[in-house]
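Trainee: Right, I'll just put the structure down here and ask away after.
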């Protein structure tokens, strides 16, 4: 039986719209990453250039502070509409280039950078809007639904990407992007959103950054978490860019199974998160994060040395957990 809180949160039409937009855009992000990676491999036969597309996609995350400052001073709905329209345009341009057989690597790199810039606005724009349209005592439930949807999109996106590549081609994935981003744009346009009154923060952006650094440095837990996160971003997560390359060239699997390989990692993440919510206690979170990160690195090493499909799928699933 659904809890009263769960029912009440989905009765909020503005939250439901933001929730749906997140589902469309997150699914397309994972689909788009796979399609661009395999298309780059087809065009260039270069694992390095495949990894470069991932680098270009995630580099805009470095601009997060600047994007947050802009979002705090503008209507977030208009920023979201602008970002979705840009993503529709990028998907349409890439689809046209593939259909006319004029696609080149730099088109894919530029497209990855532009869509990455839009996705970098996800937290300061759409997710901040969720906190503004939901009652304070419902924020936790909203975040839980968001997290579940994000995990689900990580399963669905690569599966769709692999299926479209195998049946229609890369243009199918980009055309689906027009549909998904276009639908999200229409949903966003229908939102009734009034920006809340915000207190004027007299501290400049650099002062805000200094205050953030000071707060983090004063907490041993925060420093440890930041160090582990940094090490994982440097040594762990770059493997994601080479996962399609290994699957295609070493494991010799088709595009559907390449997508399934990425999806099963998302399934592992979903199950792992569910287990933590169900059984873990707050005092164990730091230890779980540390040991989970180490297990992920071990899974990467095993995956990189595996020549068997089933071993690769199992290790990727474990890494997701």
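Coordinate-derived values only; no laboratory data. In this text the structure is predicted, and so the values were computed from the model without any measurement. With ideal geometry, Cβ positions are generated from the backbone for all residues, glycine too; neighbour counts draw on all protein chains shown.
Trainee: Which of the peptides 173-183, 128-138, 25-35, 147-157 is most tightly packed, and how do the rest follow, going by the mean number of other Cβ atoms within 10 Å of each residue? Could the numbers behind the result be given before it?
Mentor: On the way: 173-183: 21.8, 128-138: 15.5, 25-35: 25.7, 147-157: 19.2.
Result, highest mean first: 25-35, 173-183, 147-157, 128-138.
Trainee: Take the alpha-carbon centre of the range 281-295, take the same for the range 156-196, and report the distance between them in whole Å.
Mentor: When both Cα centres are located, 34 Å separates them.
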